[in-house]
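Structure, as structure tokens:
The values are calculated or read from the model by the stated rules, or taken from the named source; none is laboratory data. Predicted model only: the values in this text are computed from it and were never measured. Note that we place each Cβ from the backbone using ideal geometry, even for glycine, and neighbour counts take in every protein chain shown.
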Amino acid sequence: MAVIGLTRSGGTAAAAAPALHRRNRGRIALARLGGGLAVLVPIVFLSTFITYGLGALSNSDPAATILGQDAATPAAVARLNRALGLDHPLVVQYWNWLTQALHGNLGRSWFTQIPVSQSVSQRLPVDLSIAILAVVLAVIIGGTTGTVAAIRRGGWFDRGLTLACSAVSTLPAFVVGIILVVLFAVTVHLFPANGYVGPTTSIPQWLRYIILPALALAVQVSADIARQLRTSLVTVLDQNYIVGAKVRGLPYRRILVRHALRNAAGPALTILGNDFPQMLAGAVALEVVFSLPGLGQLLLESAQTRDIPVVQGLLLVTSTFVIVINLVINTTLNWLYRTDDGIGT
Amino acid sequence: MTTTARRRPRAQRGLAQRGPAQPRQRPARPRSVLRLPSVRVALVILAAVAILTAFGSALAPQNPLTINANALFQGPGAHHLLGTDYLGRDVLSRLMAGTRLSVLTALEAVGIGLVLGAVPGVATVFLGRWFDFVANRITDALMTLPYIFFAVAVTAALGNNLAHAMIAVGILLAPFFFRVTRAATLEHARAQYVEAAELLGASKLHIIRVHVLRKVLPNIAVTTASMTAAALLAVSFLTFLGIGVQPPAPTWGGILSSDLDYLSQAPWAPFIPGALIAITVGALNALADAFRDRSSAGSLVTADPVTRAVIHTNSSLESADGDRQSQSVA
Amino acid sequence: MVIDNRSPLPDVVTAGAGAGVSQGPRPGAGEVLRIDDLHVTVHDGAATAVRGISLRVQAGEIVGLVGESGSGKTLTCRAALGVLPPGCAIEQGTVSFAGHDVTALSQRDWERVHGSHMGAVFQDPASYLNPTITVGHQLTEVLRVKRRLARRAARRRATELFGAVGLREPERVFHQIPAELSGGMLQRVMIAIAVSCDPQLLVADEPTTALDVTIQAEVIELLRQLRDQRGMAVLFVSHDLALITELCDRVVVFYAGEVVESGPAAEITERPRHPYTQALLRVASVGDFGRRELEVIAGQPPQVGANIAGCRFAERCPVAVPACRTGSIPSVAVGDEHDVRCLRAEDARNVDQLVAR
């Protein structure tokens, strides 16, 4: 990207010309942040509104389902509808929901009456644990393999890695998860095949339960990272400034880490940001494979019962999550790879 | 693509008359792509899948729905080529029968994505800056959202219907089509012959139809291949999660899911549908990659590898030092 | 302009600051670089681009390598520095630095030689600096790693060095990234970094080719000062013969991968013996106002790596005889430290008279 291909800008920026002050750069970054938010937030609300609207347009009748066939007299249904707030026009319903959501109140499940926010906060740590561990694993595995492949380019490791990455990219996370379960849980009994224990109970146990799902999630991302890092690093290592660093007598390891990797890591980290939504999707599947009590299971269950408030709430939470993560990653990358004219990678 | 394979590649016919070692700068035409082994294998695989989609259960060796309580969890054998599942049903037949539903719904999603994405993608180049800005921002936003949540949410709203879920998937595939078509259209719409046509009075629609569309189609084709792969994965995923599956009708993902429940009895079982999915997806991706590589700029060809090597080393040394001096002495 | 008040070369070397090549005599007034019969192949041995190069650089001497693009001078420098591009290798011959054979030196040992004993500057300084790190940081990095200076001391020293190489606002430059600086300033930065650990030899590969003529003059002057004040030897590469003869003590003329003539600058300028050198001198004087015609040497140099029997210049040589095209042409001494690789050297004293224009 921009970092790797930078060359002298034709001698234009002489010392006399005032360089863009660092404070200005901060302002630009903030503006971009604001812009990103401004665009994504409407989309989130749009999508939740559509879901709401679809639910209303469909012929689901939660009141009747809650009451059960016998008790669903028109009067009882009408009363329940009023209690659930379902008798207002759609837009009003949505608006009420939205304003409540901004205060943290995501409503209650139509069927269990449990506050949505409670269900979400109960299950969120599960997904978070797996996702965070997956990110860590992906960076470690992808980072080291990509670096080694780049250093020994053309060698057997490099070629093997390319092959492995191509193979892996065709495997969706849940398939990988299944493979891992078969290999490490069923045949070998090294790790448990399902269930979950929180970190507050016991950290080693917690790790035992999340390592396989996290690994399954990390595999594809690692492959993407490794492939991108290898390519970027190979390009960077060919650059003259690596030769320049060498002739200054700097140790090889230092050159590799502080000059080469520092400049090559950008695109690979961006991949992490881009893959994150897919990681979420994979997490849902993995919850099924590994019987984990996470948000994905909640989504599937409530989708089956057509429990709209829960689905809405989940949609809002996950979309917000994705947006926040993306913005954080993009801002961090823009900050790390700032160039003087304020244009990020 | 498949029709041109019948005709003998023009490059082959012409080369005999030309002398060797002539620098060719024309980008290689898609016909020569067919010589790649990966492309050939991919096409064979996809042809098989296409046949299965069309004729589905008619070709299956046995009835995919027949339950046989005496033959549960059998491994691959003579009677059942890929073994049997937890109800004694023939796995191979189920997979073949399931192909149709999976592939058709995947194509449905791709179709939606294509129309919703490619049309604005071409149009945005001609419709002014505002439209472009808004379209781009919508695209950015859509691309960040995970499709699975929307697909499942749609089933919550509209009921457990795979077709509906795939509409959601299709909508979320549209941004990719949009991006690619927009980039390709930009590249070609700025060409000089387009300017010339405009000056000659051609209407924008005419320009699009005659000049731009033809050049953009290869890119669309490449994206379609990759997106079909993605859609297939999405279908497998959704059916795996139980969306739209009316048991006992078989789907790839559904078979995978039920295999999972009986993992201890048959640990090998999930590999079969898993492999099927992976192979098909891999074939599509290989095809997309091969065409993408070929449609980028062509390469300069000289006969002598030594000279080429030396030129390369010299020019890399010179360009390394930004040397733009000519060969004459200072 | 006083650069620093450090002690001259021998003491710096024996002080062992920043570690150096281990044993061996410290040649205070001896040879810094010696290349013997160097052959360099390119692209994994497909062609030999440098053939039988021999040259010597004494301490405190400025030696100029001059020749056309592709004549092998850059590859020779790279070989001497131990940074040949991928695919290139030293097939034959030796490179010695301060009496130690560095031809097949390990990477770890090169790390000790680079910076502390050998420095380098290249043609496009911007591309040899990390574009994302400030130049000040890149200099202090070297000082901290190789000289083990503390951060603050390194920063002070770096600012001093920037001032010493002629940068007008060293404090300000310290915080700027390469993209913010002009070519001339970047070259000064590179020089500052290269000499920061007091190397005995500075290899300068076309450092001024991409700079304005006025800046060129300043950089040349800077190099001369550095030599005068530190006793640093310089290996200066250029295709500009006028520049070389002005700056250098000794000149080595390259053609098609071989050394065709070498000797003191004055000798080469006044008494060139090789027809190629003579042609170069004629062409270089194009700078004189009054000349109307563009002087060129007819023909092209041979393909890099081409195997040619006899003299590689014979094709274009105005005084070539049949003997020139067969057998190898030895390098003969024709004066005090003046060597020529030419059969017609004795006769070519007055090539102008022999050559029909």
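The table for this structure:
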quantity: Restricting segment A:221-248 to residues that are among the small types (G, A, S) and in contact with a Cys (Cβ under 7 Å, 6 or more places away or on another chain), the residue that is farthest from A:P172 (Cα to Cα); calculated: A:A226
quantity: Among the candidates A:L171, A:L190, A:L161, residue that is under 30 Å from B:A225 (Cβ atoms), part of a loop (DSSP other than H, G, I, E, B) and more than 14 Å from chain C (Cβ to nearest Cβ); calculated: A:L171
quantity: Residue in segment C:203-217 that is out of contact with any helix residue (DSSP H, G or I) (no Cβ under 8 Å at 6 or more places or on another chain), more than 14 Å from chain B (Cβ to nearest Cβ), surrounded by fewer than 24 Cβ atoms within 10 Å (Cβ to Cβ) and at negative phi present; calculated: yes
quantity: Count of segment C:125-141 residues which are at the interface with another protein chain (Cβ under 7 Å from one of its Cβ atoms) and crowded, with 24+ Cβ neighbours inside 10 Å; calculated: 4
quantity: Residue check, A:R254 without any contact (Cβ under 8 Å) to a residue 24 or more places away in the chain and out of contact with any helix residue (DSSP H, G or I) (no Cβ under 6 Å at 6 or more places or on another chain); calculated: yes
quantity: Whichever residue in segment B:230-241 is small (G, A, S) and either out of contact with any Gly (no Cβ under 8 Å at 6 or more places or on another chain) or more than 11 Å from every other protein chain (Cβ to nearest Cβ) (or both) and, among such residues, is farthest from B:R179 (Cα to Cα); calculated: B:A234
quantity: Odd one out for B:Q246 among (1) within 20 Å of A:V181 (Cα to Cα); (2) surrounded by fewer than 21 Cβ atoms within 10 Å (Cβ to Cβ); (3) over 22 Å from the mean Cα position of the chain (by Cα); calculated: (1)
quantity: All helices (runs of 4 or more DSSP H) inside segment A:233-307 with 1 or more residues being within 14 Å of chain C (Cβ to nearest Cβ); calculated: A:240-247, A:262-290
quantity: Of all residues in segment C:156-200 being more than 23 Å from the chain's Cα centre (by Cα) and closer than 18 Å to C:G115 by Cβ, the one that is nearest to the other protein chains (Cβ to nearest Cβ); calculated: C:A158
quantity: Flag for C:V32 being within 15 Å of the chain's Cα centre (by Cα), buried (at least 20 other Cβ atoms within 10 Å of the Cβ) and more than 14 Å from chain A (Cβ to nearest Cβ); calculated: yes
quantity: In segment C:91-121, the residues that are over 21 Å from C:S54 (Cα atoms), within 7 Å of chain A (Cβ to nearest Cβ) and not in a helix (DSSP H, G or I); calculated: C:H114, C:G115, C:S116
quantity: Selected residue (criterion: farthest from the other protein chains (Cβ to nearest Cβ)) from residues of segment C:142-155 that are closer than 30 Å to A:N334 by Cβ and not hydrophobic (A, V, I, L, M, F, W, C); calculated: C:R155
quantity: Test: residue in segment A:150-157 that is in contact (Cβ under 8 Å) with a residue 60 or more places away in the chain and in a helix (DSSP H, G or I); calculated: yes
quantity: Qualifying residue in segment C:245-259 (condition: polar (S, T, N, Q) and modelled with pLDDT of 90 or more); calculated: no
quantity: Unique match (being of a type outside the set (A, V, I, L, M) and either within 30 Å of A:F174 (Cα to Cα) or under 18 Å from the mean Cα position of the chain (by Cα) (or both)) among A:R253, A:R208; calculated: A:R208
quantity: Hits in segment B:39-78 (condition: touching a residue at least 60 places away in the same chain (Cβ under 8 Å) and over 21 Å from B:P247 (Cβ atoms)); calculated: B:V39, B:V41, B:A42, B:L43, B:I45, B:L46, B:V49, B:G75
quantity: Restricting segment C:56-94 to residues that are more than 11 Å from the chain's Cα centre (by Cα) and of a type in the set (A, V, I, L, M, F, W, C), the residue that is farthest from C:F313 (Cα to Cα); calculated: C:A59
quantity: Residue satisfying all of: in segment C:246-277; touching a Cys at 6+ places or on another chain (Cβ under 8 Å) and among the charged types (D, E, K, R); nearest to C:D339 (Cα to Cα) among these; calculated: C:E261
quantity: Within segment A:272-308, tally of residues that are touching a residue at least 24 places away in the same chain (Cβ under 8 Å), more than 19 Å from A:A214 (Cα to Cα) and surrounded by fewer than 22 Cβ atoms within 10 Å (Cβ to Cβ); calculated: 1
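Results for (1) at pLDDT below 75; (2) more than 19 Å from A:V44 (Cβ to Cβ); (3) over 14 Å from the mean Cα position of the chain (by Cα), shown as yes or no for each residue.
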{"site": "A:F276", "(1), (2), (3)": "no, no, no"}
{"site": "A:A285", "(1), (2), (3)": "no, yes, yes"}
{"site": "A:F290", "(1), (2), (3)": "no, yes, yes"}
{"site": "A:T305", "(1), (2), (3)": "no, yes, yes"}
{"site": "A:L314", "(1), (2), (3)": "no, no, yes"}
{"site": "A:T318", "(1), (2), (3)": "no, no, no"}
{"site": "A:V324", "(1), (2), (3)": "no, no, no"}
{"site": "A:L333", "(1), (2), (3)": "yes, yes, yes"}
{"site": "A:Y337", "(1), (2), (3)": "yes, yes, yes"}
